[in-house]
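I have a structure here, written as structure tokens, and I will follow up with some questions on it.
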Amino acid sequence: MTDTPNTTGPRLSRRTLLQGAAGLAGAGAITGFPAVIAAEPVTLRYLGTAVNQSGDIARKVKEDLGITIEYIPVVTDEVSKRVVTQPNSFDIVDSEYFSLKKLLPSGNLVGMDARRIKNADKITPVFTKGEVAGRKIGDQGTAPKKVFYLEGPTSTKFAASPTEWITLIPTTYNADTLGIRPDLIKRPITSWKELLNPEFKGRASILNIPSIGIMDAAMVVEATGDYTYPDKGNMTKAEIDRTMKVLIEAKRAGQFRAFWQDFNESVNLMASGETVIQSMWSPAVTKVRSQGVACTYQPLKEGYRAWASGFGLPKTLTGRKLDAAYDFVNWFLSGWAGAYLNRQGYYSAVLETARAHMAPDEWSFWMEGKPAAQDIKAPDGTVMEKAGAVRDGGSFESRMGAVACWNSVMDENTYMVRKWNEFIAA
Amino acid sequence: MTTATERALALPEAPAAGVPAAPGLAAAARRQRRLAYLQAMPLGLVFAAFFVVPLLLTLVVSFWEYNEYEIIPAFTLQNYLDVFDGCAAGADLCTTFRTYLSTLKFCLIGWAATLTIGFTVAYFVAFHVRSAAMQTVLFLICTIPFWTSNVIRMIAWIPLLGRNGLVNDALMSLGLIRRPLDGLLYSDFSVVLAFIHLDTVFMIVPIFNSMMRIDRSLIEAATDAGATPWQTLWNVIVPLSKPGIAIGSIFVLTLIMGDFVTVGVMGGQQIASVGKVIQVQMSYLQFPAAAANAVVLLGAVLLLIVALTRLIDLRREL
């Protein structure tokens, strides 16, 4: 995920903050509070994309821990830029795993002490071992297991085997695929190669984020049987040229209606019928559907392109703020937040705690791929899926288990970006 | 501003340079000159801090090396070589030339269209509308689009021009077309349309301003001398509106040259623009490469403006 709907900003308004503060002051004067809260309240500046930056989560943290979360919502690229150039401007960062290759060498992030994370050993093996239900999943690109552990707290090297120092504690992750308009396509779609099928000339789209767009293109190239990449997430210059050639040919032939850059653009393209097949993110599909337009997040036989993000701590964090950051991360893994995210179609890091906070029929719909026993509602109460609906792609195991590659930063990144600009200009 | 300062500086100097002046006079002149410097200082400082220094930094950084996560202060020409990568090969146009060519194309079309519309509107308001009150009202109407943001004015076109948009629906229900026109949106057409919508006002205002300064008796004289309305327009009004046309042109050309949002949104991200290239590089932390591109863009815009000022001596005309 890179760009996300910013629905969270306004929720944490000045008023709610003031109310919270006033309530705290008043109550404190009369009854006294536990040590953490009685002392000056801690504020954590939370840098990240808006995916996890929900007002509900901030409110709940305030309620449970007394910690004020101050969101700094920016796009993925901006997250990396901030970590590298302004490490003092945040207290906790929610970054994608693939950015780590850029972030760690800057020395601005530290490894998180696994002993202080209560549920560290319960984090899903997707991250720790690259497995789902005991089976290995695709690890091309920046698979989280490759960058999960550090050799030491301030090391800038990734450890090959598990250590006590974790780079990022996972917040959300998901498996991405193509979104389609079944009402306009009117036939089953089963392969990535359909994205460049001339049948959909002028009605296809990919995202204009070079590092992700090129991987979607690589999925297409592999699906056509043209070429099999040793690692789609880390191409050689020749492989980049080959992939870009396919894209450029398609573009010149008028295959693409438009490229999209952010969440809302992708929703509008699909909902208005400008496109019928395009790379897409799960919540965008949900949003199209909530407008009453048929849209399927189509599982494809070649598998998914996955992404994951997690919490990291800046080197500069010390004292009570550091404690508060660990408290917050522990709280995040303790279930409420996990359930909240699972209900939006993301996956959470510690599944068993999240399960405890979800109703059985919610769990069976979102995680087990079973038909909804009753209407599935969004956190704000609107109906997302009618009773009887089944989640696209099915259960956690069948979705995350079919991951083919992960969002990544290539070694030849500079060359790739230049080639991408060439593609846009073609 | 510059001319005013220069004049202020030049005047006191003249007597000092010519005949040896009385000591008192020279001191007065010096004081006056210091005063002039002081007066120009605030603007000078603002310019230095917010214009000259960042520009120099950009220039310096464009010669630096970089990797994924840091920029390294070591001299290299690689960034510029990357900008012009493949341009010497000749067979196929390289990315940079192609991008500039596309931008230049939008500049020319946008400029011609805004000039035609801008001149016509300004002419109408300045010469056809007789009452000053009505002129003011009409002029204000021209600025109404400025009440909403650029982006909103642009995005408003999308539901209109889309495949299932209002325009296509209307044309189809009128039976003029059988299948929706795809070229209305995410095409060169929609980009130019948006540019005209966004930028015409920058043409209208300076041209209108120039026209209002034209002495009406000149037009009467032309008519009395037997000129047709077209002759008057071409031989009297156009030459006298030149400064306005030049200023408006500079506005429009620089706006289109540096734009990437309009090209991005209306072109469906499928059309290259220099600004977009720079933005992509910035987002991948390739600051030196972006800086090199910015310097090249600056050079291109400067060339355009120099060419324009060759055509019209702005200072003399003002």
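Before anything else, pin down the relative contact order of chain A: Cα pairs under 8 Å, at least 6 apart, normalised by residue count, whole percent.
Value for chain A: 22 percent.
Shifting gears a bit: Sorted from largest down, what three extents in whole angstroms do the Cα atoms of segment A:350-426 have along their principal axes?
On the principal axes, segment A:350-426 reaches 50, 26, 22 Å in Cα extent.
Under 10 Å, Cα contacts only: if you run a Gaussian network model on chain A, which one of A:Ala306, A:Ala114, A:Ala50 comes out with the highest mean-square fluctuation?
Of A:Ala306, A:Ala114, A:Ala50, the most mobile in the Gaussian network model is A:Ala114.
I would also like to ask the following. Which residue, A:Ala373, A:Ala258, A:Ala218, has the most motion in a Gaussian network model of chain A that connects Cα atoms within less than 10 Å?
A:Ala373
How many nm is it between the label spots at B:Leu56 and B:Arg30, if each spot is 7 Å from the Cα in line with the beta carbon?
The modelled label-to-label distance comes out at 2.8 nm.
For A:Thr236 and A:Lys136, FRET efficiency with R0 = 25 Å and r from the beta-carbon atoms, rounded to 0.05?
Once the sixth-power term is evaluated, E becomes 0.55.
Please turn the phi angles of segment A:97-110 into ³J(HN,Hα) values with the Karplus equation 6.51 cos²θ - 1.76 cosθ + 1.60 (θ = phi - 60°), one per residue in order, whole Hz, x for glycine and proline.
Residue by residue, segment A:97-110 yields 4, 5, 6, 4, 4, 8, 7, 4, x, 5, x, 8, 10, 10 Hz.
Using only DSSP helix segments of four residues or longer, with each worth -39500 (n - 2.57), what per-residue ellipticity at 222 nm results for the protein assembly as shown after dividing by its residue count and rounding to 500?
Numbers: 34 runs with 375 residues, N = 744.
Per the formula, -15500 deg cm²/dmol.
OK, next. At what distance in nm do the modelled label points of A:Ala160 and B:Phe97 sit from each other, each positioned 7 Å from its Cα along Cα→Cβ?
4.9
Considering every residue in A:289-301, what mean count of other chain Cβ atoms within 10 Å of its Cβ is obtained?
Per residue, the number of nearby Cβ atoms from other chains is 0 on average.
Would you grab the residues whose amide H sits under 5 Å from the one on A:Ala389? Only those 5+ places off in sequence or on another chain, please, with H modelled 1.01 Å from N.
Residues meeting the amide H criterion: A:Ala372.
Per residue of segment B:72-79, what does 6.51 cos²θ - 1.76 cosθ + 1.60 with θ = phi - 60° give for ³J(HN,Hα)? Whole Hz please, x for Gly and Pro, Karplus curve as stated.
Calculated HN-Hα couplings, in order: 10, x, 9, 5, 8, 9, 4, 4 Hz.
Moving on. Could you give the distance between the Cα centres of segment B:89-162 and segment B:202-256, to the whole Å?
First find each Cα centre; the distance between them is then 18 Å.
Could you derive backbone 3J(HN,Hα) for segment A:194-200 from the dihedral phi with the Karplus parameters 6.51, -1.76 and 1.60 (θ = phi - 60°), listing whole Hz in sequence and x where the residue is Gly or Pro?
Using θ = phi - 60°, the values come out as 4, 4, 9, 5, x, 4, 9 Hz.
Suppose the chain between B:Ser131 and B:Ile144 were pulled fully straight at 0.36 nm per residue; how much longer would it get relative to their current alpha carbon spacing?
2.6 nm
Give a quick list of trypsin sites (Lys or Arg not before Pro) in segment A:341-386 that DSSP marks as loop, anything other than H, G, I, E or B, with at most 14 other Cβ atoms within 10 Å.
Here the trypsin sites (Lys or Arg not before Pro) that fit, given the DSSP loop and packing criteria, are A:Lys386.
Mind checking the log10 I(q)/I(0) for the protein assembly as shown at q = 0.05, 0.08, 0.09 Å⁻¹? Debye, one equal scatterer per Cα, no solvent, two decimals.
Computed log10 I(q)/I(0) values: -0.33, -0.79, -0.96.
Tell me which cysteines of chain B come out unpaired when the rule is another cysteine's Cβ under 4.7 Å.
Here B:Cys107, B:Cys142 come out as lacking a disulfide-compatible partner, given the Cβ-Cβ threshold of under 4.7 Å.
While we're on this one: In whole angstrom, note down how far apart the Cα centers of segment A:227-306 and segment A:54-131 are.
27
Give the long-range amide H neighbours of A:Gln344: residues separated by 5 or more places, or on another chain, with amide H under 5 Å away, using H modelled in the peptide plane at 1.01 Å from N.
none
Would you grab the residues whose amide H sits under 5 Å from the one on A:Met384? Only those 5+ places off in sequence or on another chain, please, with H modelled 1.01 Å from N.
Under 5 Å from the amide H of A:Met384: A:Ile376, A:Lys377, A:Ala378.
Related question: Connecting C-alpha atoms closer than 10 Å in a GNM of chain B, tell me which of B:Gly244, B:Gly175, B:Gly268 has the biggest fluctuation.
Result for chain B, Cα springs under 10 Å: B:Gly175 fluctuates most.
We did not get these values from a lab; they are worked out from the coordinates using the rules stated. Just so you know, these numbers come straight off a predicted model, no measurement behind them. Heads up, the Cβs are rebuilt from the backbone with ideal geometry, glycines too, and the neighbour counts pull from every protein chain shown.
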